[in-house]
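Quick notes on the structure that follows.
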Amino acid sequence: MRIDILTVLPELIRSPFEASILKRAAEAGLVDIHFHNLRDYTTNNYKSVDDYQFGGGAGMVMMIEPIDKCISKLKSERDYDEIIYMTPDGERLNQGIANALSLKSNMIILCGHYKGVDQRVRDHLITREISIGDYVLSGGELGAAVLCDAVIRLIPGVLGNETSALTDSFQDNLLAAPIYTRPREYKGWSVPEILFSGNLPEIEKWREEQAIEHTVKRRPDLLK
Ligand code: ADE
C-alpha cells in the first residue's frame, strides 16, 4: 500500500511512522508512506497556503491551488483508490472503515488546517471525508496518523501473529475479553481459574461471554 500525506506541517506527522509497528511495516515494504509539504506547491513569494474567507468571517481558508497542484501531480503518476480529507465533519472512523481501507493500494490523505479547505477541494478533488471523533483538532495530521495506524496494522503481514487483529475489540462488534499473563497471583489478585483448565472450548466460551458482558456494560450501542 502506498500512502501520500499532504500537509503544511510534515514534522507533526512524521514521528509515528518512525517508530513501532508502522516503522516495521515500512521496512518490510508492506507500506510506502510519502509526505508532501503543500508549501512546495505554492506560487506566491511567501509560500502561503491560506487566505481570507470570501464574504468575511474569522479564520483563514486553505487555498485550492497548492492542493490541486499536488494532487494532480500524484494522480499523473499513478491511480488512487481514495483521496481522503481529514475533517471533523467527515464520516466517523470505525473498524469497518479501517478494514475496508486496508485492502486499498494507493491513497492520498489531505490534512486540513486553519478553518478548513476551500469547498471546491471537497467538491471536486476529494473522494472521502473522515473524522476521528466528535472533537476539533488544530489540524488533520494527528487524525491522519490515527487513521494510518488503524489501517496499516490490518495489512496482512504487518502484525506478527496474523490472527491477532481478528481478535481485536470491534472486529465482531464486541469489545475484547480480558487478558492475563504471569504472575498467576499478584498481591492476592488472581487470574480466573478457567484459563488454567486446559479446556480450549470452555476457555473460548468464557472469553465470548466476557466479551458480551463487557460490551453490554460499556458499549451497549455496539450491540444494536
Ligand atoms: N481535523 C480537525 N479535527 C479533526 C477530527 N476530529 N478528525 C479528523 N480531522 C480533523
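Any read-out appearing in this document is the output of simple, stated calculations on the displayed coordinates, not a laboratory observation. All of these numbers come straight from a predicted model, not from anything done at the bench. Ideal geometry is used to build each Cβ from the backbone, glycine not excepted, and the neighbour counts take in all protein chains shown.
Through the Karplus equation 6.51 cos²θ - 1.76 cosθ + 1.60, θ set to phi - 60°, convert the phi angles of region 86-92 into ³J(HN,Hα) values in whole Hz; use x for Gly and Pro.
7, 7, x, 9, x, 5, 6
Quick one: angle between helix 200-218 and the longest Cα principal axis of the chain, in degrees between 0 and 90, rounded to 10, please.
50 degrees
Per 5 Å bin, what is the whole-percent P(r) computed from every C-alpha pair distance within the chain?
1, 6, 12, 15, 16, 13, 10, 9, 6, 5, 3, 3, 1, 0, 0
If I take every Cα pair under 8 Å that is 6 or more residues apart in the chain, average their sequence separation and divide by the length, what percent do I get for the relative contact order? It would help to have the intermediate numbers written out before the result.
Details: 323 pairs, mean separation 44.9, N = 224.
20 percent.
Check which residues have an amide H placed less than 5 Å from Met60's amide H, if you skip close sequence neighbours.
So Met60 has HN proximity to Lys115.
Count of lysine pairs in the chain with Cα atoms under 19 Å apart, counting only pairs 8 or more residues apart in sequence or on different chains?
Taking the Cα cut-off of 19 Å, the pair count is 5.
For region 71-163, which GluC sites (Glu not before Pro) pass both filters: DSSP loop (anything but H, G, I, E, B) and at most 10 other C-beta atoms within 10 Å?
Loop-located and lightly packed - Glu162.
Which order do Asp168, Asp32, Asp4, Asp123 fall in if you start with the one that has the fewest other Cβ atoms within 10 Å?
So the ranking, lowest neighbour count to highest, is Asp123, Asp32, Asp168, Asp4.
Taking the number of other C-beta atoms within 10 Å as the exposure measure, put Met60, Met1, Met86 in order starting with the fewest.
If I rank by nearby Cβ atoms, fewest first, I get Met60, Met1, Met86.
When N is the residue count of region 169-223, what does its C-alpha Rg come to as a fraction of 2.2 N^0.38 Å? Present the calculation step by step, with values, prior to reporting the outcome.
Details: Rg = 12.8 Å, N = 55, 2.2 N^0.38 = 10.1 Å.
Ratio of Rg to 2.2 N^0.38 Å for region 169-223: 1.27.
Using the 10 angstrom Cβ neighbour count as an exposure proxy, how do Leu175, Leu6 rank, fewest first? Walk me through the numbers before you get to the answer.
On the way: Leu175 20, Leu6 25.
Ascending number of Cβ neighbours within 10 Å: Leu175, Leu6.
Please give, to one decimal in nm, the separation of the simple spin-label points placed at Asn94 and His214, each 7 Å out from Cα toward the Cβ.
It is 1.9 nm.
So for the chain: antiparallel DSSP bridges make up what percent, rounded to the nearest 5?
Percent antiparallel among DSSP bridges in the chain is about 20.
In terms of the ratio Rg/(2.2 N^0.38 Å) built on C-alpha atoms, what value belongs to region 65-114?
The reported ratio for this selection is 1.27.
Between Gln171 and Ala58, with labels modelled 7 Å along Cα→Cβ, what's the label distance in nm to one decimal, could you check?
4.6 nm
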